[in-house]
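Worksheet: the structure to be examined is printed underneath.
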Amino acid sequence: MIELIALLAIAAAIYMGWNLGSNDAGCIGAAVGGGVIILRRALILVGIFALLGAVIGGGQVIQTFRGDVIPEGSITPLVATIACLSAGVFVTVSTYLKLPVSTTHAIIGAMIGLGFALGVSINWGTIGKMGIVWVATPTFALLLGFVIYKYFKKAMRRVKKPATANLILKVSVIASGCYLAYALGANNIGNVTGLIAGADIAVPLVAAVIGGTAILIGVVTLGSRVIETVGKGMTEIDPSMAFAAQLSAALVMNLFAIVGMPTAVSHAVVGAVMGVGFVKGSSAVNTKLARNIILTWILTPIVVALITFGAFKVVGLF
Amino acid sequence: MPFFGAKKEQEAFKALARHAVSVCETARMLSELFQALSKYDHALIEKIAKKIGAQEYEADKCRRKFESGLYEGAFLPLFRSDLFNLAERTDTVADEVKHVGRAIARREKLCVELKKAAKKDKKIRTLIDGLGTLAAKVIETVERLTDAVKALETNVEKASVLAEQTSKLEEDVDVIEDQLTRNIYDLERSLDVVTVLQLRDIVMWTGRVANWAEDAGDIIAMIAMKHWA
């Protein structure tokens, strides 16, 4: 019976990973939209680099999920299954409704819900730090986007040969897209398999491999839709802008992965694109987008916490 | 120092420059064409018009080769479309030269009429010399464009400066073209109506060669602005 529950927990984590892969594959969308790389190659690159990020750089974030939010001993395979399914279903439904939600915010909400349902102490200090990180993500990305784009353009002006400039831009856009995929894997792997590591179903490295593979499957099976959408939406973004935005978002994601703080890739990208836009003299901030982001920041953890709490209580009846 | 891996792109720029040189060779034939007209030698005009057609075909072949290389995945699409447009516009220069050749060669009576009128009115000779001046300025414009396209391979700023010079030369062509058209209308008593209209068309089409060169130069300026401004 215990083994079956453990398998269910792994399946739920894979579902979460698949969700993440299919939703966040857009990190190389600018390169596809700009025609720098064909879709099939982009999908393979994103999948591989996200897997690498999960395995190589995901350790700290997995550790945060293991015992820094709710006590490690309270996470059982059943608890992990309920949390992953609650967060996963919420993300799937939101994606279907075209609502921009973050898997990070969803899984943290699920853990808060679990904490209440189990009656264990929730580490509000860690939650508070995460809140700061969620605000810092677009802010840092914006600042980095501004600086990187400004100096990259300056450096590119010194390149007199168009053929060389063309090659530099191509390589930069693809490389920064791959780095963003790596940073996504490293930062968000905890969302996927942090709980199965916490439930001692798998050691962190194995959990990272399982989660990374699930992300890769998500990218390859359903990522094309997101990549194409992001690509089409970014047609106004030239290769220099795409490079600066991707690199800035990747640096922020990677930095927070190193300190074990999970955050949302979409927010990093939005912040970075805004920063790049400021260099171009675009002072108009998309207020609708900003409002949506703030709303989802607040609502996603609350709604998923309630779903998880409810689901746990219903399961408890049996 | 060539940047590692940019060989494909460099090759494309070389092909683009070869095309521009081929177009320039076509434009240079305008000089021979108008010299033949000044000798009232229709047979020679026909021969040169055929040579222009053959050279224009060579330029076309260069353009096709460049364009097929352009789509082998070496360029960013944004850049690719600019280069494609540049090749197309440069090619129009050669097309227009071909039209000028045909416009002169098509009517044998033009040489006869001009020769006859030149005996009665000295201004006809001045007009024919003016056509030579126009051709020389048009050739200079196309040569400057060719230099700009060639410079694009190594230095985009230099290419942009040369493109700007192309535009200034085209303005000079405009002035000569306008003056020549006025002169043609002034000579309507010495020439028959068809010859007047034919000469007006020849001047207009010759001027257009420089117009297309200027347009191609504008694309070079735009490339510089988009990618390095």
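Report the Cα centroid-to-centroid distance between the range B:25-62 and the range A:114-177 in angstrom, as an integer.
Rounded to whole Å, the Cα centres lie 60 Å apart.
Restricting to Cα pairs below 8 Å that are 6+ residues apart, what does the relative contact order work out to for the range B:84-211? Please round to a whole percent.
Contact order relative to length: 38 percent.
Give me the percent of the accessible area of chain B that comes from carbon and sulfur atoms, probe 1.4 Å, all protein chains in place.
Carbon and sulfur atoms account for 53 percent of the accessible area of chain B.
Before I look further, what does the protein assembly as shown give for accessible area per residue, probe 1.4 Å, in whole square angstrom?
With all protein chains present, the protein assembly as shown gives 44 Å² per residue.
Please name the residues of the range A:154-188 whose accessible area, counted over protein heavy atoms with a 1.4 angstrom probe, falls by no less than 50 Å² between the chain alone and the full protein assembly.
Buried by the other chains: A:Arg157, A:Lys160, A:Lys161, A:Pro162, A:Ala163, A:Asn166, A:Leu167, A:Lys170.
Using a probe radius of 1.4 Å on protein heavy atoms only, what is the accessible area buried between chains A and B, both sides summed, to the nearest 100 Å²?
Adding both sides of the contact gives about 1800 Å².
In chain A, what percent of the accessible surface is made up of carbon and sulfur (1.4 Å probe, ligands and nucleic acids excluded)?
The C+S portion of the solvent-accessible surface of chain A is 72 percent.
Determine ³J(HN,Hα), in whole Hz, for all residues of the range A:212-222 in sequence, where each value follows from phi through the Karplus function 6.51 cos²θ - 1.76 cosθ + 1.60 and θ = phi - 60°; x replaces Gly and Pro.
The phi angles translate into x, 5, 5, 4, 4, 4, x, 5, 5, 7, 10 Hz.
Protein chains only, probe 1.4 Å: how do A:Tyr149, B:Tyr185, B:Tyr71, A:Tyr15 rank by accessible area, largest first?
Ranked list, largest accessible area first: B:Tyr71, B:Tyr185, A:Tyr15, A:Tyr149.
From the protein chains alone at 1.4 Å, what is the descending order of accessible area for A:Phe146, A:Phe318, largest first?
Order by accessible area, largest first: A:Phe318, A:Phe146.
Span-like helices, chain B: DSSP H, alpha-carbon axial extent 27 Å or more, mean Kyte-Doolittle 0.5 or greater, which ones?
Sorted by number, the helices that extend far enough and score high enough are B:193-228.
How about B:Lys123: which lysines have a C-alpha closer than 27 Å to its C-alpha, ignoring those fewer than 8 places off in the same chain?
The reachable lysines, counting only those whose Cα sits under 27 Å from B:Lys123, are B:Lys39, B:Lys109, B:Lys115, B:Lys137.
Go ahead and set up a Gaussian network model of chain A, Cα springs under 10 Å, then flag whichever of A:Thr213, A:Thr126, A:Thr139 fluctuates most.
It is A:Thr126.
Keeping all protein chains in the complex and leaving out DNA, RNA and ligands, what accessible area do you get for A:Asp68 with a 1.4 Å probe, in Å² to the nearest 10?
Its heavy atoms expose roughly 70 Å² to the probe.
Please work out the C-alpha center-to-center distance from the range B:65-129 to the range B:182-227 and express it in whole Å.
Using only Cα atoms, the two centres lie 10 Å from each other.
Give the aspartates and glutamates whose C-alpha is closer than 19 Å to that of B:Lys7, dropping any in the same chain fewer than 8 places away, or say none.
B:Glu67, B:Glu72, B:Glu153
So for chain A, averaging the separation of alpha carbon pairs under 8 Å that are six or more residues apart and normalising by length, what relative contact order in percent results?
Rounded, it is 39 percent for chain A.
Can you count the Lys pairs in chain A with C-alpha separation below 19 Å, eight or more apart or on different chains?
Going through chain A pair by pair, I get 13.
In deg cm²/dmol and to the nearest 500, what is the mean residue ellipticity at 222 nm of chain A if only DSSP H runs of at least 4 residues count, each as -39500 (n - 2.57), divided by the residue total?
Calculated mean residue ellipticity at 222 nm is -28500 deg cm²/dmol.
Step through the residues of the range A:290-301 one at a time and calculate ³J(HN,Hα) from phi using the Karplus curve (6.51 cos²θ - 1.76 cosθ + 1.60, θ = phi - 60°), rounding each to whole Hz and writing x for Gly and Pro.
Values, residue by residue: 4, 5, 4, 5, 5, 4, 6, 4, 7, 6, 4, x Hz.
Taking a probe of 1.4 angstrom, what is the accessible area of A:Trp18 in Å², to the nearest 10?
80
By the gyration tensor of its Cα atoms, with a ≥ b ≥ c the square roots of the eigenvalues, what is the shape of the range A:40-95: rounded for a/c under 1.5, prolate for a/b over b/c, or oblate?
Oblate, because a/c is 1.5 or more while a/b does not exceed b/c.
When only C-alpha pairs under 8 Å and at least 6 residues apart count, what is the relative contact order of the range B:1-116, in percent?
40
Using θ = phi - 60° and the Karplus curve 6.51 cos²θ - 1.76 cosθ + 1.60, what whole-Hz ³J(HN,Hα) does each residue of the range A:72-82 get, with Gly and Pro shown as x?
Those phi angles translate into 4, x, 7, 8, 10, x, 5, 4, 4, 4, 4 Hz.
The values are calculated or read from the model by the stated rules, or taken from the named source; none is laboratory data. Source: prediction; values computed, not measured. Quick note on the areas: whole protein, heavy atoms, side chains included, nothing else; ligands and nucleic acids left out. Shrake-Rupley method; radii C 1.70, N 1.55, O 1.52, S 1.80 Å.
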